[in-house]
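The block underneath contains the structure these notes are about, expressed in structure tokens.
The values are calculated or read from the model by the stated rules, or taken from the named source; none is laboratory data. From a predicted model like this one, the values you see are computed outputs, not experimental measurements. Heads up, the Cβs are rebuilt from the backbone with ideal geometry, glycines too, and the neighbour counts pull from every protein chain shown. Just so you know, the surface numbers come from the protein's heavy atoms only, side chains and all, with ligands and any DNA or RNA stripped out. Shrake-Rupley method; radii C 1.70, N 1.55, O 1.52, S 1.80 Å.
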Amino acid sequence: MTEPLLTIDDLKVTFSTRNGLVEALKGVSLSLDAGETLGIVGESGSGKSVTAFSVMQLLDRAGRITNGRITFRGQDITRASRSMLQPLRGAAMSMIFQNPRAALNPIRTVGLQIADVLRAHEALSAREARAKALKLLEAVLIRDPEERLDAYPHELSGGMCQRVMIAMAIACEPALLIADEPTTGLDVTTQKTVMDLLAEITARRGMAMVLITHDLGLAAQYCQRVAVMEQGLVVEQSVPASLFGAPRHPYTKRLVAASPTRHSTVDSLVVDAGEPAPAAPRVSLRRPAEALLTVSNLVKTFDNGFRGVDDVSFDLAPGESLGLVGESGSGKSTISRLVCRLLDHSAGTIGFDGEDIGKISSRDFYRSRFRKDIQIVFQDHGDSLNPRFSAFDCIADPLKLLAGVQDSRELRRQVEDCARRVGLPAEFLDRFPHQLSGGQKARVGIARAIAAKPRLLVLDEPTAALDVSVQAVILHLLDRLRRETGLAYLFVSHDLNVVRMMCERTIVLQKGQIVEQGPSGALFTDPASDYARELIAAIPHFDPEAATARQREAATAG
Amino acid sequence: MSLAASIARRAGRRALSSVPALFGVIVFTFLLMRVLPGDPAVFFASGPNAGQAEIQMIREQMGLDKPIPQQLLLYLKDIATGNLGRSMNTGQPVVTDLINRLPASLELTFTALLFALSLALPLGILAALRPNSLIDHGVRFLCSLGVCVPTFVSGLLLIYAFYYILGIAPDPTGRLDVFAAQPPVVSGFILIDAALAGEWESWRAAASQLVLPAATMALFVLAPLARMTRAAMLAVMTSDFVRTGEALGLSRRRVVLVYALRNALLPVITIMGIVFSTMLGANVLVEKVFSWPGVASYALDALLTSDYAPVQGFVLLMAFIFVLVNLTIDVLYGLADPRVSIE
């Protein structure tokens, strides 16, 4: 190769915001050869998407390239005009996005949308474009492609939409494909099929790919080279085996440590957390005779006749942590809401402390004496906090309503105590949610849930919206809280590695039914059911050996 | 395929559910007219010195001597048989009057809506593509002007400018110049009738009569349409699928007109329905200023003389049209947005 396909040289991008100019990229240099796959990893705000958008010239009005050069096939496209870019976009370089359903036009059939791209770059009749679109849908392995041509995006699943998006992006055989978090929000098995498809297509057609992701495992598994970005800078780049096997930059080290793998433990996630992590002995793991929560034959039928939860039974001892895993639609969140009495079930019993709390309707449960015993931590920490409540008000609310703390001095003492236990500095208590970071909001959400001293904490994907390094700290915190207080956890997550670390027992759900349950360690090393095996196999991981093996495989296949 | 069936089902359901509303409107107007001060019998007696006996006779003739519930039942029975009563002003059955005058109002409203849309859509799009530019501010100014100047003022200004000063427009007296030949009535819409009969001279005369009143009304409803188009376009232009279109190299024209505009039109369709219904009822001032023989001015005249039957007939007609417009909007929406019909 004489010349790289794409070079980015000392790229600086600033955004004008209400608080003045913000420098999103502070001099990024990258290059990519034809046919190569480059991963860009980093946490939110690291500038990885901004880099991609600069290449495609898709920055919104507020963003401006202030310095540097982007060269594509030897052509300077840093400040290319529309007339120069339009023939390139889609034909020579194209992009697929996060949230595939929103990325497709909702009121146009997918066949027409693919045809639109084809006809933008080639002189084709409508009939020819349709025939070619059909071929493309076949290429991205969509079942019944003929029928799907006339489907609208809302009639397809998320994974299907992403395949359509891929079909559009590769329609004109571009030399470069930029994939911006292409599988975020998809189930782990869907993620695997979509990523395998992308890898296969780019390898077969000799396309270069830039894979932008926050998931180190994904980058390690599918990329020949990975660049790590932090705060607008590339801090380290190398082949995955050495990058993840022997990271040199402190940020990479932290990132690698924080990413859960099949071997990591809660303590191994955090390298240099500010808070001390005394390995306090666990409150005895011996299961007491009396179960705290006994769910038997639980059924939830929705209005449209769909059985979201279908005859599920399990129990949970005091101080125990039980994981619920499964893909979207498996009923895990529904179960968590049924147990919290936020939703009424159709049949079965929910025994708590020997009493059937299922008899109390979800409407009246707030008056029940059990309300303070069962609390929930939600997935979206931003949306689940009242925007007009300060952190103090959020935590004080359950204390006032459920614990009946009236005296203001006592209230402040207890709120500060809660904040201290979740590691939230007291000076943040007067801030409002929009003034807090994601991790701090998560801490407020947890403090609010434990404020009334519950005995069962339901955690509904508590770290799904957080960056890995923040996730590591929060998981650490949750684990410590359980050890200190003997809380029982019902832990709902789609991240199997997280569940393995956090829970002693795990239940695998599929279509509202339990397919497998057992001690987490055994379940993850030696799953009995096909479904659980499939789920576990689909987790991207960055074992150095596996990554190299995969590359060799890809090389021979190509 | 099943799209048509699903739209038909939705439309049918909507039509059925509007029956109670229509009934409510009938009863409400009926009672309202009875509550209003003034005795129609006195008003329609032959003269100021008509005797008590004569007034009593008229009252009996009109059925006003019966108790109100009975009057209501009689009225409902009449409506069911298609009899809306007789207008005391014109001496004609109300149904006949309305049939004669409705096309005039509809022709005016449709033309005005067409004017408004053909101006509002491009303006809204331009304003959205360059927010806070000179064009955007210009459109905002025009819209504010359209809303805050009452129709009778803008109508009179237009007459003053185009008829009195410039002399381009014909005199504002009704639908057709007195010297132009009246085409045979087929649909009641003069433009259509003249075109059918091939009388282009009359067509041109009718069209030139129509331009000023239609423009007056169009100016009035320009604001909601243009502002809604602008807001919807602004939202859609920042959406993910427009970015996709850009990223895959679609032409600017295609991105704006096919990807953005068609999505942005969805809320505009809703507003259009509201605007149309409002215009039909609210154009009484325009009809008065331009001596337009429409239903609104007919109803106003009737109201001023306590002529019950035409007012009730008018309200009923408006309610009916409102239901019809909503149905049409529903169907249009179902066609425009595939996501609606599955729900």
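Report yes if some residue within region B:248-261 is within 12 Å of chain A (Cβ to nearest Cβ), surrounded by 20 or more Cβ atoms within 10 Å (Cβ to Cβ), in contact with a strand residue (DSSP E or B) (Cβ under 8 Å, 6 or more places away or on another chain) and without any contact (Cβ under 8 Å) to a residue 24 or more places away in the chain; otherwise report no.
Yes, region B:248-261 contains at least one residue that is within 12 Å of chain A (Cβ to nearest Cβ), surrounded by 20 or more Cβ atoms within 10 Å (Cβ to Cβ), in contact with a strand residue (DSSP E or B) (Cβ under 8 Å, 6 or more places away or on another chain) and without any contact (Cβ under 8 Å) to a residue 24 or more places away in the chain.
Could you check region A:128-167 and list, in sequence order, the residues that are touching a residue at least 60 places away in the same chain (Cβ under 8 Å), more than 15 Å from A:ASN99 (Cβ to Cβ) and either in contact with a strand residue (DSSP E or B) (Cβ under 7 Å, 6 or more places away or on another chain) or surrounded by 20 or more Cβ atoms within 10 Å (Cβ to Cβ) (or both)?
The one that is touching a residue at least 60 places away in the same chain (Cβ under 8 Å), more than 15 Å from A:ASN99 (Cβ to Cβ) and either in contact with a strand residue (DSSP E or B) (Cβ under 7 Å, 6 or more places away or on another chain) or surrounded by 20 or more Cβ atoms within 10 Å (Cβ to Cβ) (or both): A:VAL140.
Please give the number of the condition B:LEU219 fails out of (1) open to solvent by 50 Å² or more (accessible area, probe 1.4 Å); (2) within 10 Å of another protein chain (Cβ to nearest Cβ).
Condition (2) is where B:LEU219 drops out.
Output the number of the condition that A:PRO174 fails; it satisfies all remaining conditions of (1) in contact (Cβ under 8 Å) with a residue 60 or more places away in the chain; (2) more than 23 Å from A:ILE40 (Cα to Cα).
Exception for A:PRO174: condition (2).
Which residues, taken from region B:121-149, are touching a Leu at 6+ places or on another chain (Cβ under 7 Å) and part of a loop (DSSP other than H, G, I, E, B)?
Selection gives B:PRO131 alone.
Check whether at least one residue in region A:144-158 is facing chain B (nearest Cβ under 8 Å) and hydroxyl-bearing (Ser, Thr, Tyr), and report yes or no.
yes
Of all residues in region B:73-93, count the ones that are in a helix (DSSP H, G or I) and over 18 Å from B:ALA41 (Cβ atoms).
Residues meeting the conditions: 6.
Could you list, in sequence order, all residues of region A:426-463 that are over 27 Å from the mean Cα position of the chain (by Cα) and over 27 Å from A:VAL339 (Cα atoms)?
Within region A:426-463, A:ALA426, A:GLU427, A:LEU429, A:ASP430 meet the criteria.
Taking the condition of being buried (at least 18 other Cβ atoms within 10 Å of the Cβ) and over 24 Å from the mean Cα position of the chain (by Cα), how many residues in region B:87-103 meet it?
Of the residues in region B:87-103, 1 are buried (at least 18 other Cβ atoms within 10 Å of the Cβ) and over 24 Å from the mean Cα position of the chain (by Cα).
Of the residues B:LEU324, B:LEU300, B:LEU280, only one is closer than 30 Å to B:ASP78 by Cβ, at pLDDT below 85 and under 23 Å from the mean Cα position of the chain (by Cα); which?
On inspection, the qualifying residue turns out to be B:LEU280.
Residues that are farther than 30 Å from A:LEU88 by Cβ and out of contact with any Cys (no Cβ under 9 Å at 6 or more places or on another chain): does region B:255-266 have at least one? Steps first, answer last, please.
From region B:255-266, those farther than 30 Å from A:LEU88 by Cβ are B:265-266; that's our starting set.
The next check asks that each one be out of contact with any Cys (no Cβ under 9 Å at 6 or more places or on another chain); those that pass are B:265-266.
Checked region B:255-266: at least one residue is farther than 30 Å from A:LEU88 by Cβ and out of contact with any Cys (no Cβ under 9 Å at 6 or more places or on another chain).
Would you mind stating whether A:VAL377 is buried (at least 16 other Cβ atoms within 10 Å of the Cβ), within 30 Å of A:GLY45 (Cβ to Cβ) and of a type in the set (A, V, I, L, M, F, W, C)?
yes
Restricting to region B:306-343, give me the number of residues that are aliphatic (A, V, I, L, M) and either surrounded by fewer than 17 Cβ atoms within 10 Å (Cβ to Cβ) or within 14 Å of another protein chain (Cβ to nearest Cβ) (or both).
Qualifying residue count for the region: 7.
Residues are listed down the side, and each one gets a yes or a no for (1) under 30 Å from A:ASN99 (Cβ atoms); (2) in contact with a Pro (Cβ under 8 Å, 6 or more places away or on another chain); (3) within 14 Å of another protein chain (Cβ to nearest Cβ):
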| position | (1), (2), (3) |
| --- | --- |
| B:ALA180 | no, no, no |
| B:LEU191 | no, no, no |
| B:SER208 | no, yes, no |
| B:ALA232 | yes, yes, yes |
| B:MET237 | yes, no, yes |
| B:VAL242 | yes, no, yes |
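For region A:34-139, please list each of the helices (runs of 4 or more DSSP H) lying entirely inside it that holds at least 3 residues being within 29 Å of A:LEU216 (Cα to Cα), in contact with an Asp or Glu (Cβ under 6 Å, 6 or more places away or on another chain) and more than 13 Å from chain B (Cβ to nearest Cβ). Give the derivation first.
Working: elements: A:48-56, A:82-85, A:100-103, A:110-121, A:126-139.
Those helices (runs of 4 or more DSSP H) do not exist here; none qualify.
Considering only residues that are part of a loop (DSSP other than H, G, I, E, B) and of a type in the set (A, V, I, L, M, F, W, C), which ones fall in region A:315-368? Talk me through it step by step, then tell me what you get.
In the first step, residues of region A:315-368 are kept if they are part of a loop (DSSP other than H, G, I, E, B); the result is A:317-320, A:326-331, A:340-346, A:353-354, A:360-364, A:368.
Across region A:315-368, the qualifying residues are A:ALA317, A:CYS340, A:LEU342, A:LEU343, A:ILE360.
I'd like to know if region A:187-195 contains one or more residues that are at positive phi and in a loop (DSSP other than H, G, I, E, B). Full working, then the answer.
We begin by selecting, within region A:187-195, every residue at positive phi; these are none.
No: zero hits.
With respect to A:GLY27, is the statement that it is under 30 Å from A:ALA472 (Cα atoms), touching a Gly at 6+ places or on another chain (Cβ under 6 Å), of a type outside the set (Lys, Arg) and in contact (Cβ under 8 Å) with a residue 24 or more places away in the chain true?
no
Can you report the number of residues in region A:500-558 which are basic (Lys, Arg) and at pLDDT 80 or above?
Count: 4.
Tell me yes or no: at least one residue of region A:475-498 is touching a His at 6+ places or on another chain (Cβ under 9 Å) and either open to solvent by 50 Å² or more (accessible area, probe 1.4 Å) or modelled with pLDDT under 90 (or both).
yes
Restricting attention to region B:258-277, which residues are polar (S, T, N, Q) and either touching a Lys or Arg at 6+ places or on another chain (Cβ under 9 Å) or modelled with pLDDT of 90 or more (or both)?
Result: B:ASN263, single match.
Looking only at region B:198-216, count how many residues are aliphatic (A, V, I, L, M) and open to solvent by 50 Å² or more (accessible area, probe 1.4 Å).
So the answer is 1.
Where residues in region A:215-236 are out of contact with any Ser or Thr (no Cβ under 8 Å at 6 or more places or on another chain) and assigned to a strand (DSSP E or B), which of them is surrounded by the fewest Cβ atoms within 10 Å (Cβ to Cβ)?
Filtering region A:215-236 for residues that are out of contact with any Ser or Thr (no Cβ under 8 Å at 6 or more places or on another chain) and assigned to a strand (DSSP E or B), the one surrounded by the fewest Cβ atoms within 10 Å (Cβ to Cβ) comes out as A:LEU233.
Please go through region A:168-179 and pick out each residue that is open to solvent by 10 Å² or more (accessible area, probe 1.4 Å) and either under 20 Å from A:ALA219 (Cα atoms) or more than 11 Å from chain B (Cβ to nearest Cβ) (or both). Give the derivation first.
Going through region A:168-179, the residues open to solvent by 10 Å² or more (accessible area, probe 1.4 Å) turn out to be A:172-173, A:175.
Scanning region A:168-179 gives A:GLU173, A:ALA175.
What about A:ARG363, is it surrounded by fewer than 19 Cβ atoms within 10 Å (Cβ to Cβ), charged (D, E, K, R) and free of Cβ contacts under 8 Å to residues at least 24 places away in the same chain?
Spelling it out, A:ARG363 is indeed surrounded by fewer than 19 Cβ atoms within 10 Å (Cβ to Cβ), charged (D, E, K, R) and free of Cβ contacts under 8 Å to residues at least 24 places away in the same chain.
Would you call A:ALA91 within 15 Å of A:MET56 (Cβ to Cβ), over 30 Å from the mean Cα position of the chain (by Cα), at pLDDT 90 or above and open to solvent by 10 Å² or more (accessible area, probe 1.4 Å)?
So A:ALA91 passes the test.
Right, A:PRO100: in contact (Cβ under 8 Å) with a residue 60 or more places away in the chain, buried (at least 18 other Cβ atoms within 10 Å of the Cβ) and touching a helix residue (DSSP H, G or I) at 6+ places or on another chain (Cβ under 6 Å) or not?
Numbers: in contact (Cβ under 8 Å) with a residue 60 or more places away in the chain: yes; buried (at least 18 other Cβ atoms within 10 Å of the Cβ): yes; touching a helix residue (DSSP H, G or I) at 6+ places or on another chain (Cβ under 6 Å): yes.
Judged against the criteria, A:PRO100 is a match.
What do you reckon, is A:PRO182 within 11 Å of chain B (Cβ to nearest Cβ) and either in a helix (DSSP H, G or I) or touching a residue at least 60 places away in the same chain (Cβ under 8 Å) (or both)?
No: the conditions fail for A:PRO182.
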